DNA sequence: AAGTCGGGGTC
DNA sequence: GACCCAGACTT
C-alpha cells in the first residue's frame with residue numbers, strides 16, 4: 001500500500017535519534033515500551049537510561065528488591081507498571097532462563113504487557129506482522145481516513161486495530177509500526193499539527209474536510225474527585241521520623257508516606273491534634289503541632305485532586321519504630337511526598 | 001463497558 | 001480548566 005510505503009519513507013527521513021532505536025534486544029525494547037506507556041518520550045527518556053544503567057540484564061532486574069525498583073521508578077507514575085515489570089523480570093529470569101518470549105501470543109502472558117506492547121515487541125524484535133495501536137495511531141488513522149468511531153470504545157479499538165493490521169507493511173512491520181507512531185508524535189500532533197508540510201495532505205480526509213480538530217473522537221471521562229490528605233511529619237529531638245508503606249489497592253501501592261489522616265473536608269487543627277493524641281506512637285508524650293504549608297497543596301491526578309496539608313509534629317522522643325531522617329531518601333515515595341521532603345530539607 | 005491508575009506538558 | 005501521552009488491568 002502506498003500510504004504505508006510513504007509513511008516508512010517519511011520515517012527514515014524524520015525519525016528522532018532515541019536510545020532504544022539502536023537495539024532489538026527484547027529486554028531493552030520491553031523496558032522502553034513499559035516506560036513509554038501513557039508517557040511522553042521526553043519524560044520517559046531519563047528513566048530508560050537509569051534502568052539500563054542500574055539493571056543491564058533481566059537477571060539484574062529480577063534480583064533487585066521491589067523497593068529499589070520503585071525508587072528508580074519514582075516520579076514516573078502508574079506504579080503498577082514498575083511492580084509488573086519486576087514480576088515479569090522474575091518470571092523471564094527464573095521460568096524462562098532469561099529468554100524472552102518471541103511471539104505476540106506468548107508476550108501477552110507477561111504482566112503489564114497488553115495488545116499494544118506485545119505487538120511492539122513482537123514486531124521490533126522478531127519481525128512479527130502485528131500492528132501497534134497507541135494514541136498516535138488512533139489519531140493518524142482517524143484523521144487520514146476520516147473515522148468517527150470513538151477510539152476508547154470497544155468498537156473503535158477493534159476497528160482501528162483491524163485497519164492498522166491491514167495497512168502494516170508485511171516486509172517491514174518494525175519500520176511501519178514505529179513510523180506511524182513517530183509521525184503521530186512529531187507531525188500529526190493533537191494540537192497544531194503540521195498539516196502545511198504534511199506529505200499526506202492531498203489524501204487526508206480530515207484535512208480536506210477541515211475536520212482536523214474534530215478527530216479523533218473520544219468519549220469523555222468522569223471528573224476528578226476531591227480528597228483531603230493530612231500527612232503527619234513526626235520530628236523527634238533525636239532526629240527520627242515515621243513513615244509507612246501503602247498496602248491497599250488504589251493509588252501509590254507499595255510506596256511510602258508519612259502517617260496519613262484522610263478527612264472528608266479541610267481538617268481543623270483541633271481535630272488533627274485529637275487524632276494524634278489517640279495514636280499509640282506517642283504514648284503520653286507531649287508534642288507541638290504546626291501546619292507546614294499555609295496554602296493547601298492541590299496535587300492533581302487523573303481522577304483525583306488531593307488537597308494536601310503537611311503537619312509537623314515535634315516531640316522529644318518517639319516510641320519505638322521510626323527511621324532516622326537521613327534514611328528517608330532510600331524509600332520510594334510519591335512525588336507529592338518527595339517534593340515536600342525536598343523543601344522541608346531534613347537534617 | 002466503565003473505572004482506576006500519575007505526573008508532566010500544551011493550549 | 002480540558003486534553004494528551006509509544007495502555008493495562010480490575011470491576
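Derivation of every value follows stated rules applied to the coordinates shown; laboratory data play no part. Only a predicted model underlies this, so the values are computations on that prediction, with no experimental measurement involved. Positions of Cβ are generated from backbone atoms using ideal geometry, with glycine treated the same way; all protein chains shown enter the neighbour counts.
Roughly what % antiparallel, to the nearest 5, for the DSSP beta bridges in chain A?
Numbers: 17 of 29 bridges.
Approximately 60 percent, going by the DSSP bridge assignments.
Would you order A:252, A:73 from fewest to most other beta-carbon atoms within 10 Å of each residue's own beta-carbon? Display every interim value, and only then the final one.
Working: A:252 20, A:73 23.
Final ranking by Cβ density, sparse to dense: A:252, A:73.
In whole angstrom, how far apart do the alpha carbon centroids of segment A:102-129 and segment A:203-282 sit?
If we compute the Cα centre of each part, the gap is 33 Å.
Before anything else, pin down the relative contact order of chain A: Cα pairs under 8 Å, at least 6 apart, normalised by residue count, whole percent. Mind dumping the intermediate values first?
Numbers: 502 pairs, mean separation 55.7, N = 347.
Relative contact order comes out at 16 percent.
Before rounding to the nearest 500, sum -39500 (n - 2.57) across all DSSP H runs of length at least 4 in chain A and divide by the residue total; then give [θ] at 222 nm in deg cm²/dmol. Write out the running numbers ahead of the final one.
Values: 14 runs with 144 residues, N = 347.
Helices in chain A give a 222 nm mean residue ellipticity of -12500 deg cm²/dmol.
Among A:311, A:20, A:290, which one shows the biggest mean-square fluctuation in a GNM of chain A, springs joining Cα atoms closer than 10 Å?
A:290
Which of A:213, A:97, A:13 moves the most in a Gaussian network model of chain A with Cα springs under 10 Å?
A:13
For a footprinting-style exposure proxy, rank A:263, A:286 by other Cβ within 10 Å, fewest first. Don't skip to the answer; put the middle values down first.
On the way: A:263 16, A:286 9.
Result, fewest neighbours first: A:286, A:263.
May I ask for the angle, rounded to the nearest 10°, between helix A:41-54 and the longest principal axis of chain A, with both axes built from Cα atoms and the value confined to 0 to 90°?
Long axis of A:41-54 versus the principal axis of chain A: about 70 degrees.
If you take every DSSP beta bridge whose two residues both sit in segment A:225-344, what share of them, in percent to the nearest 5, is antiparallel? Before the final figure, lay out each step's value.
Numbers: 17 of 29 bridges.
That works out to approximately 60 percent antiparallel.
Can you grab the distance from the C-alpha centre of segment A:148-168 to the C-alpha centre of segment A:53-101, Å, no decimals?
Spelled out, the Cα-based centre of one part sits 31 Å from the other.
What is the order of A:134, A:60, A:148, fewest Cβ neighbours within 10 Å to most?
Working: A:134 22, A:60 15, A:148 11.
Fewest-to-most ranking of A:134, A:60, A:148: A:148, A:60, A:134.
If you line up the long axis of helix A:335-344 against the longest principal axis of chain A, both from Cα atoms, how many degrees apart are they, to the nearest 10?
50 degrees
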